[in-house]
1. Output yes when any residue across region 55-72 is closer than 30 Å to ILE166 by Cα and in a helix (DSSP H, G or I), and no when none is.
2. Between GLY159, GLY144, GLY129, which is under 19 Å from the mean Cα position of the chain (by Cα) and on the phi < 0 side of the Ramachandran plot?
3. Show the residue pairs meeting these rules: Cβ distance below 9 Å; 6+ apart or different chains; first residue within region 162-173 and free of Cβ contacts under 8 Å to residues at least 40 places away in the same chain; second residue among the aromatic types (Phe, Trp, Tyr).
4. Quick one: in region 167-179, of everything that is touching a helix residue (DSSP H, G or I) at 6+ places or on another chain (Cβ under 8 Å) and either under 18 Å from LYS18 (Cβ atoms) or hydrophobic (A, V, I, L, M, F, W, C) (or both), which residue is surrounded by the fewest Cβ atoms within 10 Å (Cβ to Cβ)?
5. From the list LYS28, LYS13, pick out the single residue that is closer than 30 Å to LEU163 by Cα, in contact with a Lys or Arg (Cβ under 8 Å, 6 or more places away or on another chain) and either surrounded by fewer than 13 Cβ atoms within 10 Å (Cβ to Cβ) or not assigned by TED's automatic domain parsing to the domain that holds GLY155 (or both).
6. Give me the pairs: first residue in region 176-193 and of a type in the set (D, E, K, R), second residue modelled with pLDDT of 95 or more and assigned to a helix (DSSP H, G or I), beta-carbon distance under 8 Å, and six or more apart or on different chains, which are they?
7. Suppose we filter TYR164, TYR188 for residues that are loosely packed, with under 15 Cβ neighbours inside 10 Å and either modelled with pLDDT under 95 or hydroxyl-bearing (Ser, Thr, Tyr) (or both); which single one remains?
Amino acid sequence: MATLSKQTEHLRKDKRLKKVIDAVGTIKNSKQEDLYYSLIRAIVGQQLSVKAAATIFARFLQLFKNQYPHPKEVLKIKDKTLRAAGLSYQKASYLKNIAQFSIDNTLDYSKLKSMKDDELIEYLVQIKGVGRWTVEMLLMFSLGREDVFPKDDLGIQNGIKKLYNIEPVNKKDLFIQMDAIAEKWKPYRTLASKYLWRHKDDKN
């Protein structure tokens, strides 16, 4: 793992991103070794604002002993109870899918940490309700992987379009231009993405 200062120094070579880094300041990396918990939290927070996600997740945790959603307890809880906590029936089913996968396979950090990014994505998207974007968030914010670039994220797309003044003609063209811009960020595209998100949020 490269130090934060080494990663930042590398990203500063991109003059446009350097302005963002100077404006935003230091962004610390995070790591959460409980992958099961991280996946559950990611599903609860999908398509919600940060504030709404935090509120509903807190309500969800209150449903369990010691405020921890053990897989067997998640499988036992009624969907209408989860619905009352603010979760859709679809999300309720996704949470149960994660719980069942955890029991049938494994979400043990010690067993999965050696997987490469693409291997882990392929492994986890087997779970219905868990897509590539969700796993990329896990790689970035839970596993602390340094070179993840979530191209499908709308915030990243809009951030790059604004910062680099690009006007792609279609999605394919957008991805080509995004890849070209992000090439210079390697092998620290995770931190670059975090700066794009923070810059977007600060502008709102």
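The values are calculated or read from the model by the stated rules, or taken from the named source; none is laboratory data. Since we're looking at a predicted model, the values are computed, not measured. Every residue, glycine among them, receives a Cβ derived from its backbone with ideal geometry; neighbour counts consider all protein chains shown.
1. First pass over region 55-72, keeping only residues closer than 30 Å to ILE166 by Cα: none.
No: region 55-72 contains no residue that is closer than 30 Å to ILE166 by Cα and in a helix (DSSP H, G or I).
2. Working: GLY144 fails: on the phi < 0 side of the Ramachandran plot; GLY129 fails: on the phi < 0 side of the Ramachandran plot.
Checking each option against the conditions leaves just GLY159.
3. As it stands, the answer is PRO168/PHE175, since those pairs meet every condition given.
4. LEU174
5. On the way: LYS28 fails: in contact with a Lys or Arg (Cβ under 8 Å, 6 or more places away or on another chain).
Among LYS28, LYS13, only LYS13 is closer than 30 Å to LEU163 by Cα, in contact with a Lys or Arg (Cβ under 8 Å, 6 or more places away or on another chain) and either surrounded by fewer than 13 Cβ atoms within 10 Å (Cβ to Cβ) or not assigned by TED's automatic domain parsing to the domain that holds GLY155 (or both).
6. So the pair list comes out as ARG189/ALA182.
7. On the way: TYR188 fails: loosely packed, with under 15 Cβ neighbours inside 10 Å.
None of the other options fit; the residue is TYR164.
Residue-wise test of (1) farther than 25 Å from ASP34 by Cβ; (2) assigned by TED's automatic domain parsing to the domain that holds THR81.
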site: LEU95; (1), (2): no, yes
site: GLU119; (1), (2): no, yes
site: VAL130; (1), (2): no, yes
site: ASP153; (1), (2): no, no
site: LYS171; (1), (2): yes, no
site: PHE175; (1), (2): yes, no
